[in-house]
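Structure first, commentary second.
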Amino acid sequence: MTTQDEIIEFTAALPEVGVLRAGPENGAPEAAWGDVFFFHEPDGDPARRRSMPFATVVVKDYPGFDTDSRLDRPGVFRVNVCVGKELFEELVGHSPAAHAAHAGGVDPAEADRIMAHPLYAAQAWVAVVCPGEATSARLRGLLSAARDRDAARSARRAGRG
């Protein structure tokens, strides 16, 4: 299995990536403490980061909201990546918009499988619970591609692309 620390280190080392580990020191809601959020951060300036991350590492369930991955099991975590519509369809076999019709076919607690995010599939997010041999290399590529998509979006907004 790839550890959450390895995923965090890999993603944090990508160009212009800002990392936010939710905790009381940064005013994050208590429910999010321990989760990690990755943002495109042009020029290393947190003030320029987008409001939405391009990827997250989630270490626990959010009772009443996000429990299908059963992250309450010891050592279990989930990596979430915003991959865009085309790549989402390539990875899961249907478009984000069609996900509701396909949602029952995969166990969202299954480890080492790239799947539609249990809550944010319609926004083109995929998830991997405890990445391992089957998904680690591909997941690294998805994280890099998500960072690149976010950087391109930032450049377009800033008139640089």
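No value in this document is a laboratory result; all are computed from the given coordinates. Remember, predicted model here, so these are calculated numbers, not experimental data. All Cβ positions, even for glycine, are placed from backbone atoms using ideal geometry, and neighbour counts span all protein chains on display.
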Quick calc: nm separation of the 7 Å Cα→Cβ label points for Lys85 and Glu6 -> 3.5
Residue-wise HN-Hα coupling along the range 19-32, computed from phi with Karplus coefficients 6.51, -1.76, 1.60 (Hz; x: Gly, Pro): 10, 10, 9, 5, x, x, 5, 10, x, 5, x, 4, 4, 8
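Please state the charge dipole magnitude for the range 1-148, taken about the Cα centre, from unit charges on C-beta atoms (+1 on K and R, -1 on D and E), reported in debye and rounded to the nearest 20.
Working: 13 positive and 22 negative charges, 34 e Å.
About 160 debye.
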Relative contact order computed over the range 59-113 (Cα-Cα under 8 Å; 6+ residues apart), in percent: 31
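Report the relative contact order of the chain, percent, no decimals, based on alpha-carbon pairs under 8 angstrom and at least 6 residues apart.
22
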Exposure rule at most 14 other beta-carbon atoms within 10 Å, DSSP loop trypsin sites (Lys or Arg not before Pro): the chain longest free segment: 71-159
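Based on the Cα atoms of the range 1-106, what semi-axes does the equivalent ellipsoid have, where each is the square root of 5 times one gyration tensor eigenvalue, given in whole Å with the largest first?
Output for the range 1-106: semi-axes of 24, 20, 14 Å.
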Between Leu119 and Ser95, 0.36 nm times their residue separation minus their Cα-Cα distance comes to what? 7.2 nm
